[in-house]
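Input: a single structure, listed below in structure tokens.
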Amino acid sequence: MKTLVIASHNNSTLSPVTLAAVSAALKIGASFDIFVAGKGCATVAEEAAKIDGVSAVLVADHDALEYQAAENLAATLQANAEGYSHIVAPATSVMKDALPRLAALLGVGQISDITGVNGEAEFVRPIYAGNAIATVTSSDAVKVITVRTSAFDAAPTGAGTGAITAVDNAVDCGLSRVVSEEIAQSERPELASASIVVSGGRGVGSEENFALIEKLADRLNAALGASRAAVDAGFIGNDHQVGQTGKIVAPDLYVAVGISGAIQHLAGMQGSKVIVAINKDPDAPIYEVADYGLVGDLHDLVPELEAKLASVL
Amino acid sequence: MKILVPVKRVIDYNVKVRIKQDCSDVDLSNTKMSINPFCEIAVEEALRLKEAGTASEVIAVCIGPKIVKEQILAALAMGADRAIRIDVEEQPEPLVIARLLAKVAEQEDAGLIMMGKQAIDSDNNQVGQMLAGIMGRPQGTFASVVKIEGDEALVTREVDGGLQTVALKLPAIVTADLRLNEPRFTKLPDIMKAKRKPIAETTAADLGVEVTSTQQQLSVAAPATRQAGIKVASVDELVDKLKNEAKVI
């Protein structure tokens, strides 16, 4: 029994969510390899080799894998899947795209977005937007799994001595090409793995007013989040959306500003350790999950909070 | 170009989920059911492509027992031209669904399969990708813009860092995200008209697909609930609580 963990990365650095997937893999069994698929991704492989306990790091470095397009990534993983009982990846947009395709190529099912591991064939996963938690088993010969990374701690890294091996069987299906990308560049922590998240909702009122939320986020060295309503209204880009269909986060501190607390939003953040809500409506559903609620006009309260934090941090 | 749109019958998205007493599953008795919202967005997008002259026909396909006719009629009322129902007793696993859809897509020679990115009941987010893999076709998942240019589909996708636009060689599979469009409301005359549209019926056996199962749901539990906390009176009190009680800053 051996697990292959697929690394999440941007061709230069390993994303920390990979370590959460490794944690899930370690609950399945002790033995695991890491697969790095990309273009010019040698530094990622070096980082992956330092993850504690990793046996081998397989690297497919190929033009066709620059964006880890699902067609090419799934075919490449299929070509390297032999000998593995489990194939595990963090539930990033890249892996959610590629892993079901891989499962189909292997003729097996997939277990999506697991939040718990009860042995090598039994897993826990949320269904119905997190309103129910299912325990499922799989009898497939190879278990293809995506991991909700907010549900697992980062596995230790730094002491690993994995052997880096290049594989030369990367596949170019020639079915699709990337025309353009608009990837937001930010100095802020990554939303999915940040320890503090500050999110704004419809109540923020405008794109300009979102600067208040950004300032508070920067004061706390937090990632910036948003509700679907704020994204739909054009206040901020879709990459910030927290919720059932956006990103699932579970930071130590989640600050929800001007967010009423639709069930789809709660599904994305109610695993947070401490939740703070700031809203002008004292009956907003967000207060039902908030540890600390502050009722009032966010346009006054947020700058005041930002200023007072400046004096205590 | 024909567009195939799979639609799934699921719990209405406004209904509160109840767990059965014996914790075997979610209780769907006496529950309002609807078309999965992402499937509805996919139907809308297919109709817009037809209205723009890009597509010639929109075919809805639904897998399930007779009762799923409710959702088929909803898709036909929106404007789909005809429908296919694949008769099965219980909802098959995603891989089997993808195999069934692949057979229908081949039979219909569909140029585009436009579908929801996930169903809001099982939250699997698998079938579109599996279907593309089985058919050896390109896939554009989490779509927020779809354009057909020549023999390619240009799909803008919502990805973790922002947006990515890919060009897919047709035939292709595209899965709809929330911001792709806002589905139209259907009017009463459309519902009457839908009842006269053809619904073909087939079975897994007719399609040559074996309905297998490798996954089993052992139990379903309610999620851990959070206790509502306290309301603080001022920013000073909030900062004090965060620093000295919760110790998160």
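Looking at segment B:185-196, I want the residues that are β-branched (V, I, T) and have a partner that is modelled with pLDDT of 95 or more with Cβ atoms under 6 Å, at least 6 apart or on another chain. Which pairs are those?
B:T186/B:A77; B:T186/B:M78; B:I191/B:A77
Sort out which residues of segment A:152-169 are surrounded by 21 or more Cβ atoms within 10 Å (Cβ to Cβ) and of a type in the set (A, V, I, L, M), and write them in order of number. Spell out how you get there, then give the answer.
Taking segment A:152-169 and keeping what is surrounded by 21 or more Cβ atoms within 10 Å (Cβ to Cβ), we get A:152, A:155, A:162.
A:A155 - this is the single residue of segment A:152-169 that is surrounded by 21 or more Cβ atoms within 10 Å (Cβ to Cβ) and of a type in the set (A, V, I, L, M).
For A:F35, which of the numbered conditions (1) of a type in the set (F, W, Y); (2) over 17 Å from A:T161 (Cα atoms); (3) part of a strand (DSSP E or B) fails to hold?
For A:F35, the exception is condition (2).
Looking at B:A119, B:A132, B:A102 in this structure, which one is within 11 Å of another protein chain (Cβ to nearest Cβ), closer than 21 Å to A:Y128 by Cβ and not hydroxyl-bearing (S, T, Y)?
Of B:A119, B:A132, B:A102, the one residue that is within 11 Å of another protein chain (Cβ to nearest Cβ), closer than 21 Å to A:Y128 by Cβ and not hydroxyl-bearing (S, T, Y) is B:A119.
Any idea which residue in segment B:229-249 is surrounded by the fewest Cβ atoms within 10 Å (Cβ to Cβ), counting only those that are at the interface with chain A (Cβ under 7 Å from one of its Cβ atoms) and out of contact with any strand residue (DSSP E or B) (no Cβ under 8 Å at 6 or more places or on another chain)?
Across segment B:229-249, the extreme among qualifying residues is B:D236.
Quick grid of which residues meet (1) more than 9 Å from chain B (Cβ to nearest Cβ); (2) touching a residue at least 12 places away in the same chain (Cβ under 8 Å); (3) over 26 Å from A:N11 (Cα atoms):
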{"position": "A:A81", "(1), (2), (3)": "yes, yes, no"}
{"position": "A:G109", "(1), (2), (3)": "no, yes, yes"}
{"position": "A:D113", "(1), (2), (3)": "no, yes, no"}
{"position": "A:E122", "(1), (2), (3)": "no, yes, yes"}
{"position": "A:A132", "(1), (2), (3)": "no, no, yes"}
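From the list A:I259, A:I213, which one is at pLDDT 95 or above, of a type in the set (A, V, I, L, M, F, W, C) and over 18 Å from A:E304 (Cα atoms)?
After ruling out the rest, the residue left standing is A:I259.
Restricting to segment B:199-223, name every residue that is away from chain A (no Cβ under 13 Å), among the hydrophobic types (A, V, I, L, M, F, W, C) and free of Cβ contacts under 8 Å to residues at least 24 places away in the same chain.
The answer is B:A205, and nothing else.
In segment A:76-99, what residues are more than 20 Å from the chain's Cα centre (by Cα) and either surrounded by 24 or more Cβ atoms within 10 Å (Cβ to Cβ) or not assigned by TED's automatic domain parsing to the domain that holds A:E120 (or both)?
Residues of segment A:76-99 more than 20 Å from the chain's Cα centre (by Cα): A:76-85.
A:T76, A:L77 - these are the residues of segment A:76-99 that are more than 20 Å from the chain's Cα centre (by Cα) and either surrounded by 24 or more Cβ atoms within 10 Å (Cβ to Cβ) or not assigned by TED's automatic domain parsing to the domain that holds A:E120 (or both).
Looking only at residues that are more than 7 Å from chain A (Cβ to nearest Cβ) and either acidic (D, E) or surrounded by fewer than 24 Cβ atoms within 10 Å (Cβ to Cβ) (or both) in segment B:147-156, which one is nearest to B:Q118 (Cα to Cα)?
The residue in question is B:T156.
Let's see how each residue does on (1) of a type in the set (V, I, T); (2) loosely packed, with under 12 Cβ neighbours inside 10 Å; (3) in a helix (DSSP H, G or I):
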{"position": "B:A167", "(1), (2), (3)": "no, no, no"}
{"position": "B:E182", "(1), (2), (3)": "no, yes, no"}
{"position": "B:K193", "(1), (2), (3)": "no, no, yes"}
{"position": "B:E210", "(1), (2), (3)": "no, yes, no"}
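The values are calculated or read from the model by the stated rules, or taken from the named source; none is laboratory data. From a predicted model like this one, the values you see are computed outputs, not experimental measurements. All Cβ positions, glycine included, derive from the backbone under ideal geometry; neighbour counts span all protein chains shown.
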